[in-house]
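Okay, so here's the structure we're looking at.
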Amino acid sequence: MASPTIRTTHVGSLPRSERLRSLLTAADPDDDAFAAAVDESIREVVRRQAAVGIDVANDGEQSRIAYSVDVTNRLAGFSEGTVEREWPSDLDDVPDYGAALLGETENIGGPVATGPIEYVGEADLRRDLARFDEAVDAEGVEFPARFHTAPSPGAVLRFTETEYHDSDEEYLFDLAGALATEYELIAETGAILQIDAPDLLAGFTLTYKDDSVADFRERVHTHVEALNEAVANVPDERIRLHGCWGNYEGPHHHDVALEDVIDAFYEADVGGLVIEGANPRHQHEYRTFAEHSLPDEWRLIPGVIDVKTNVVEHPEVVAERIERFADAIGDPERIVAGADCGFETVVEGANAVHPSVAWKKLEALRAGADLAAERLE
């Protein structure tokens, strides 16, 4: 029997150049200088993804200041306002550490919905999408597939506020209607649409801290319903859904268990699931897929690289993690090896992994995937 092919990918954000970081955070950056820096950084991450052996690649989210609110620049109905900021519930238990990690909990400036939400950013999105192809051509590299990320309706809700809608549910479905255009435009390019949905797991400790598990389960079902409305015109096989417990170095001891919400995940009209599997709190979660079978047409993209530590995983460790997930779902050909989350999800924030170490980790990902493929004959 031939060895299976274990493809590799990651979750989206990759290290940005110092020049680009400074332009992204500048009060009034020069448009031409910014565009040039984005193009240069995308070429760099495209070249490095090819060099380390990433199969399903992307633009590294180089043009974004943060994965969660960048899309509001392409939506009408938002103004700058005040967004409520609270610590996750796990950090409430360790306030000294919480203050050292994330700072104070005062509210911050951010997008606030002040009118109906409408999509107005087609030209900007098409420009972002084109940059990847231009970089691939310029660098003379090839990838078997590409992906492009966009936040879920619930993720945008979590990182913004509304003064216009009467309820969170009304706001959620208004966002879903507008984001549908973004999702469809991404899929039209042939890219795999990755929907980042931390609301489906991290929401339990970040946004809905007073929910019981039963309450949160019902909320996740509602968020998946809104997501399904948003992707109604995108083929399931073009979508992978990314859920995580929050990309910060907290204790995570209040995280909801995957098995408590996996049935709601399986209601999503997608073709793949990106899920954490490497960090110490959730390495056991592979068992969920043995007990709750992955939908027949889905791929599983488990995180086998931890993005909250600068320890570079040994390829044998990576291979063992891949093998556990492959055994759990019963078919290694349905596995794509990935990372737990992004390496630089926000330009200014608690990004744990140093940029130079991130690429070492992705090298280990490739080496571990090759080892696992040899052993999963």
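Things worth noting here:
- Among the conditions (1) under 17 Å from the mean Cα position of the chain (by Cα); (2) within 18 Å of residue 357 (Cβ to Cβ); (3) at pLDDT below 95, residue 66 misses just one, which is (2).
- Test result for residue 9, of a type outside the set (Asp, Glu), closer than 23 Å to residue 201 by Cβ, touching an Asp or Glu at 6+ places or on another chain (Cβ under 8 Å) and at pLDDT 95 or above: yes
- When residue 327 is tested against (1) part of a helix (DSSP H, G or I); (2) buried (at least 22 other Cβ atoms within 10 Å of the Cβ), exactly one condition is not met: (2).
- Contact map, region 75-101: first residue closer than 12 Å to residue 160 by Cα, second residue aliphatic (A, V, I, L, M) and surrounded by fewer than 14 Cβ atoms within 10 Å (Cβ to Cβ), Cβ cut-off under 7 Å, separation 6 or more or different chains; pairs are 83/108; 85/108.
- Candidate set from region 274-320 (those that are farther than 21 Å from residue 251 by Cα and among the small types (Gly, Ala, Ser)); member that is surrounded by the most Cβ atoms within 10 Å (Cβ to Cβ): 319
- Of the residues making up region 44-91, just one is part of a helix (DSSP H, G or I), surrounded by 21 or more Cβ atoms within 10 Å (Cβ to Cβ) and acidic (Asp, Glu), namely 90.
- Scanning region 228-240 for residues that are in a helix (DSSP H, G or I), of a type in the set (A, V, I, L, M) and out of contact with any Leu (no Cβ under 6 Å at 6 or more places or on another chain) returns no hits.
- Here the condition is being modelled with pLDDT of 95 or more, in a loop (DSSP other than H, G, I, E, B) and more than 24 Å from residue 68 (Cα to Cα); of 294, 365, it holds for 294 alone.
- Some residue of region 32-46 being out of contact with any Asp or Glu (no Cβ under 7 Å at 6 or more places or on another chain), over 22 Å from residue 141 (Cα atoms) and modelled with pLDDT under 90: no
- Close pairs from region 241-264: first assigned to a strand (DSSP E or B), partner surrounded by 23 or more Cβ atoms within 10 Å (Cβ to Cβ) and among the acidic types (Asp, Glu), Cβ under 6 Å, at least 6 apart: 242/196
- Of all residues in region 5-40 being touching a residue at least 24 places away in the same chain (Cβ under 8 Å) and not in a loop (DSSP other than H, G, I, E, B), the one that is farthest from residue 308 (Cα to Cα): 39
- Residue in region 340-362 that is nearest to the chain's Cα centre (by Cα), counting only those that are assigned to a helix (DSSP H, G or I) and among the small types (Gly, Ala, Ser): 358
- Condition met for residue 337 (touching a helix residue (DSSP H, G or I) at 6+ places or on another chain (Cβ under 9 Å) and assigned to a strand (DSSP E or B)): yes
- Of all the residues in region 95-123, those that are surrounded by fewer than 16 Cβ atoms within 10 Å (Cβ to Cβ) and out of contact with any Leu (no Cβ under 9 Å at 6 or more places or on another chain) number 14.
- Single residue of region 82-121 satisfying the filter (of a type in the set (Asp, Glu) and out of contact with any Ser or Thr (no Cβ under 7 Å at 6 or more places or on another chain)) that is nearest to residue 209 (Cα to Cα): 92
- For region 278-297, a tally of residues being over 24 Å from residue 362 (Cβ atoms) and within 19 Å of the chain's Cα centre (by Cα) returns 0.
- Condition check for residue 185: touching a residue at least 24 places away in the same chain (Cβ under 8 Å), aliphatic (A, V, I, L, M) and not in a helix (DSSP H, G or I): no
- Summed over region 188-227, residues that are outside any helix (DSSP H, G or I) and touching a residue at least 40 places away in the same chain (Cβ under 8 Å) total 13.
- Pick from region 1-32, criterion among the hydroxyl-bearing types (Ser, Thr, Tyr) and within 22 Å of the chain's Cα centre (by Cα), ranking: surrounded by the fewest Cβ atoms within 10 Å (Cβ to Cβ): 25
The values are calculated or read from the model by the stated rules, or taken from the named source; none is laboratory data. All figures in this text were calculated on a predicted structure; none of them were measured in a lab. Neighbour counts run over all protein chains shown; Cβ positions are idealised from the backbone, glycine included.
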